[in-house]
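Below is one structure, written out as structure tokens; the observations come after it.
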Amino acid sequence: MSLLVVGSVALDGVETQSAVRERVLGGAASFFSVAASFLTTPVRLVAVVGDDFPAEHLAFFRERGIDLAGLERARGPTFYWRGRYSADLSSRKTLDTQLGVFEHFRPQLPDAYRDAELVFLANIHPSLQLEVLDQVRQPRLVACDTMNFWIERTPAELRRTLARVHVLVINDEEARQLAGEHNLVRAARAILSQGPHSVIVKRGDAGALLFHEHGVFAVPAFPLERVVDPTGAGDSFAGGFMGYLARAGSLAPEDVRRAMIYGSVLASYSVEDFSLDRFRSLTAADVYARFRAFKALTQFEDIALA
Ligand code: AMP
């Protein structure tokens, strides 16, 4: 199935206790599309970059088989985000956000993109997410992400987006905030009543939960010895999830479960280095090897108590 993503392509500043990286490749749509590219090509990327965006990053996207016909190049600076992580990498503070060319971005889908079957609306203004949805004909699955900023500032627009998406992919704090409910099971149920038929709650190193009308499926985070930079883990998860569905050409429950594992696989690789750097040397064989490792990690046999 064809896969389209709209979201930020950015230059990031990242500070951890051990290192600082300046103006490295970032953005939700970058992490999503490169992660997805290990499972399906081409990923159609709808975004905007400025005239300062390095050509080497475009070359990297092309090498990964990403379709750049929907990537607009505008005059002005590329979206810039800067964040600093706590020593244990469990929390981060946004130090700077400069919208740059994103401020006046109006997504225009190339004609060939309008028949996209899978659509991911990464974290951007909910009105832009809706503009993209208005331009696709009959997607089979629409998933979206959002963040506290939009939950607080644009609740009405966000409600309109939620009414039109099938899957919300969101982190635990945002799920609680969106639902006004601390308990995640009850928060998920409240979100399901707003439109989506499924909610994926990302919980960092606690893994991810998929809630849907028939129950819940849980995936652990892969136990890693060394985490370098958590930036983009959630978007890489979404890329692995949607990328697998595109590859499988199916939305059957067993494929959705495998997609949750591939999401966790790509998220676990993304945090092993800064920016998207781990993806530069990653291979399809590595991706499958970790999928198998996940199976070994979670498999057990049922034996009756009697
Ligand atoms: P995550 O770690 O999954 O929250 O994603 C981090 C990425 O999101 C970074 O590479 C940023 O460039 C990008 N980002 C941060 N804030 C925003 C925002 N307000 N809108 C769009 N993208 C953002």
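Of note:
- Residue match in segment 202-211 (condition: open to solvent by 40 Å² or more (accessible area, probe 1.4 Å) and either without any contact (Cβ under 8 Å) to a residue 12 or more places away in the chain or in a strand (DSSP E or B) (or both)): no
- In the condition set (1) of a type in the set (K, R); (2) closer than 22 Å to F61 by Cα; (3) in contact (Cβ under 8 Å) with a residue 60 or more places away in the chain; (4) touching a helix residue (DSSP H, G or I) at 6+ places or on another chain (Cβ under 8 Å), R278 is compliant with all but (3).
- Members of segment 221-251 that are part of a loop (DSSP other than H, G, I, E, B) and either near the ligand (Cβ under 8 Å from one of its atoms) or buried (at least 24 other Cβ atoms within 10 Å of the Cβ) (or both): D229, P230, T231, G232
- Selection from segment 11-51 of residues that are over 17 Å from R64 (Cβ atoms), within 11 Å of the ligand (Cβ to nearest atom) and surrounded by 23 or more Cβ atoms within 10 Å (Cβ to Cβ): L11, D12, V14
- Selection within segment 110-123 - in contact (Cβ under 8 Å) with a residue 24 or more places away in the chain and more than 24 Å from M147 (Cα to Cα): P110, A112, Y113, D115, A116, E117
- Among residues of segment 19-46, those that are more than 11 Å from the chain's Cα centre (by Cα) and in contact (Cβ under 8 Å) with a residue 60 or more places away in the chain, counted: 12
- Contact annotation: no residue pair with Cβ atoms under 6 Å, 6 or more positions apart or on different chains, pairs a residue in segment 62-88 that is closer than 19 Å to P107 by Cβ with a partner that is open to solvent by 30 Å² or more (accessible area, probe 1.4 Å) and of a type in the set (F, W, Y).
- Across segment 255-306, the number of residues qualifying as within 17 Å of S30 (Cβ to Cβ), among the acidic types (D, E) and part of a helix (DSSP H, G or I) comes to 1.
- With respect to the conditions (1) farther than 28 Å from L224 by Cβ; (2) open to solvent by 30 Å² or more (accessible area, probe 1.4 Å); (3) within 18 Å of the chain's Cα centre (by Cα), Q108 lacks only one, and its number is (3).
The values are calculated or read from the model by the stated rules, or taken from the named source; none is laboratory data. It should be emphasised that the depicted structure is a prediction, and the values quoted were computed from it without experimental measurement. As a convention, Cβ positions derive from the backbone with ideal geometry for all residues, glycine included, and neighbour counts pool all protein chains shown. The area values use the complete protein model at the heavy-atom level, side chains included, leaving out ligands, DNA and RNA. Shrake-Rupley method; radii C 1.70, N 1.55, O 1.52, S 1.80 Å.
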